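The values are calculated or read from the model by the stated rules, or taken from the named source; none is laboratory data. What you are looking at is a predicted structure, and each value in this text was computed from that prediction instead of being measured. Neighbour counts run over all protein chains shown; Cβ positions are idealised from the backbone, glycine included. The accessibility values were calculated without ligands, DNA or RNA, using every heavy atom of the protein model including side chains. Shrake-Rupley method; radii C 1.70, N 1.55, O 1.52, S 1.80 Å.
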Amino acid sequence: MLTFLRQIFGRTLLVWINIVQGHKILTLIFCFIAVLVSIQYTSNNLGMNTDTEDMLSPDLDWRKLDREMSAAFPQFSGNILVVIDAPTPDQAMDAADKLYEKLKQETILLKSVFSFRSLPFFKKSSLLFLDEDELQDLSDRLAEIQPFLSKLTEDQNIRGLFAMLEKAIRAKLDGEKVELTTLIRQINASLDAIAANQPYQLSWHSLMAGEELDKDIYREFIILQPELDYSDLFPAETVIEKIRIIGDELDINAENNLRLRLSGSAVLSHEELQSVVDGTQLSIILALCMVTVIMIVGLGSFWLVLATIITLISGLIITAAWAALTVGELNLISVAFAVLYIGLGVDFAIHFCLRFREHLMNNGDRALALRETSKSCGDSLFLCAVTTAIGFYAFMPTDYDGIAELGWISGSGMFISFIVTMTLLPALLGVFPVKAQPTVQSSPHPGLNNSVNSLLAFPVTHARSIKIVSILIAIALIWIVPKVKFDHNTLNLQNPENESVKTYMDLLAESESSPWTTEILVDNKQQAEALELELKK
């Protein structure tokens, strides 16, 4: 049966070779049209999805619940979290209030703007959220300093401040219980900052509470739901730039001891996509350059290298069109198919060119050399395509759709590479003025030749030692393999240097601001209240 199949494949391949050789120009025109159509189809139909959750199967239970949650509460999806850092709570709150009022005017770019601090209810009734002991302490504190505050209220400048301070010192000298340590320290710090020409803002918030500033950074948050333009490659780019421009206009910057940072799902996706696009472009360029250099050295012919590069790029474009047709959109993992294709797809063309150069040197007839090359290489190249594709297709049985799609695209790309190599490459070599040349050029240095021959013979002359060492290494690695751990956190797939990731990790480090939460859907309010009681236990 296998012999019969090989015969059928060989005859089919021979017919195909004769067609390509007999119609080289038509073949080139056909391939050129196929590439143009692929470019057009890919640009119009291949999308990019940066949502890390969509790299997982939608049939997973938690993914179903996630979609249900998003459908019930769409305001919690695709948001931007604005984080304002400041050395005092007063500065953080003032900056957040100014930014909140400015962002509310951007009705075209933003669906909603939400800030707890800026809501009238919280401004009026925030004391209701204190524990009774905390409220009593604050009440006692305000009662103690009320006479001094009234003095400052009458004269709200530096003269009024020191008049208030004088009155408080006299009261303390008269035996009254007045705590002045915190106020004096902050006044001293502000004077030092003025002398050093540094920005500083005295925190009345901490003074009223009667406590020292106990944090290095105070944070305020504003939650935005932007109008995302999905027709653009970077849907959130416009609104992100606008937020930063407004922040600069309001002087929320390092010069004023303030820092504005952005995170949230929309910004995480934007910066991740930017990293992927930049990284993929760089990887493709570097891979092409390195492959080209290797081929120049190995093939030793400009025309062979040019034909190989044209074949490689054409196959890559057609593979991208295949991805657009069968998958529709790439994700942060499947986009790597391009680099994999360059590294593996070029092997088919290299094998073909080396064998063609050998046949051309032996008989000098280009047409005969191409025919013999196609016949002798066809079986082996097809076998390579099948085995490599099987390795990629093995990625597919997984709930991680990103990996499965990478396997599907890359595996199919191996067959595309085989077809392009057996079609476009022979047609190009039949047209290009490739000249016969020796397959192996002897080095003018005998010592170098001896070293190369010794290196090539090393696996044969030391076969026993190599087998023993390989077995020992394998045994050692078997002991190490169980220590490999799987990281389920998709956040770790992103560039840790991105601002959105750094901000997210900073929030995770503090339990009060951690964005990781548990969300449970129930049918009605009664069930929610009953569940709340159960969870509190």
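Between 0 and 90 degrees, the angle of helix 525-536 with respect to the longest Cα principal axis of the chain falls at about 90 degrees.
Report, in degrees rounded to the nearest 10, the 0 to 90 angle that the Cα long axis of helix 265-299 makes with the longest principal axis of the chain. Compared with the principal axis, the helix lies near 30 degrees. I need the calculated FRET efficiency for the pair ASN524 and LEU60, taking r as the beta carbon distance and R₀ as 41 Å, to the nearest 0.05. Efficiency, rounded to the nearest 0.05: 0.95. Segment 343-404 to segment 41-89: how many Å between their Cα centroids? Cα centroid of segment 343-404 versus Cα centroid of segment 41-89: 41 Å apart.
Of interest is the spacing of the C-alpha centroids, which for segment 262-332 and segment 106-152 amounts to 55 Å. Available extension along the chain between LEU354 and ALA367 is 3.1 nm, counting 0.36 nm per residue and deducting the alpha carbon span.
Per residue, the Cα convex hull of segment 64-183 amounts to 182 Å³.
Measuring how big the chain is from its alpha-carbon positions, Rg and Dmax come out at 35.0, 116 Å. Taking every Cα-Cα distance in segment 123-170 and sorting them into 5 Å bins starting at zero, the pair-distance distribution P(r) comes out as 5, 20, 20, 17, 14, 14, 10, 1 percent. For segment 158-179, the residues whose amide N sits under 15 Å from a probe point set 7 Å from the Cα of ALA143 along the beta carbon direction are 177-178. In Å, the Kirkwood hydrodynamic radius of segment 1-148 over pairs of distinct alpha carbons? When all Cα pairs of segment 1-148 are included, the Kirkwood radius is 24.0 Å.
Peptide packing for 111-124, 416-429 was compared via the average number of neighbouring C-beta atoms within 10 Å per residue; ordered from the highest value, the list is 416-429, 111-124. Across all C-alpha atoms in segment 56-117, the radius of gyration and Dmax reach 16.5, 48 Å. A crude spin-label estimate for the pair TRP16 and ASN197, with each label 7 Å from Cα along the Cβ direction, gives 7.6 nm. Taking all Cα pairs closer than 8 Å and separated by 6 or more residues, the relative contact order of the chain comes to 23 percent.
Ranked by the mean number of other Cβ atoms within 10 Å of their residues, highest first, the peptides 297-304, 236-243 fall in the order 236-243, 297-304. For segment 1-79, taking Cα atoms only, Rg and Dmax work out to 24.5, 64 Å respectively.
Could you tell me the calculated FRET efficiency between PHE122 and ALA509, based on Cβ-Cβ distance and R0 = 35 angstrom, to the nearest 0.05? E(calc), rounded to 0.05, equals 0.85.
Counting charges near GLU372 (Lys, Arg +1; Asp, Glu -1) among other residues having Cβ under 15 Å from its Cβ returns a value of +2. Per-residue 3J(HN,Hα) values for segment 250-264, derived from phi via the Karplus relation 6.51 cos²θ - 1.76 cosθ + 1.60 with θ = phi - 60°, read 8, 6, 8, 8, 5, 4, 10, 6, 10, 9, 10, 10, 10, 9, x Hz in sequence order (x marks Gly and Pro). Rounded to the nearest 0.05, what FRET efficiency is calculated for LEU477 and SER380 with R0 set to 30 Å and r the Cβ-Cβ distance? It comes to 0.45. Here the Karplus relation 6.51 cos²θ - 1.76 cosθ + 1.60, evaluated at θ = phi - 60°, turns the backbone of segment 371-388 into coupling constants of 5, 5, 5, 4, 5, 7, 8, x, 4, 5, 5, 5, 5, 4, 4, 5, 5, 5 Hz, with x for every Gly and Pro.
The angle between the Cα long axis of helix 158-173 and the longest principal axis of the Cα atoms of the chain comes to about 60 degrees, rounded to the nearest 10. Computed over protein heavy atoms with a 1.4 Å probe, the carbon and sulfur contribution to the accessible area of segment 52-119 reaches 56%. In the context of the full set of protein chains, the chain has a per residue accessible area of 60 Å² (1.4 Å probe).
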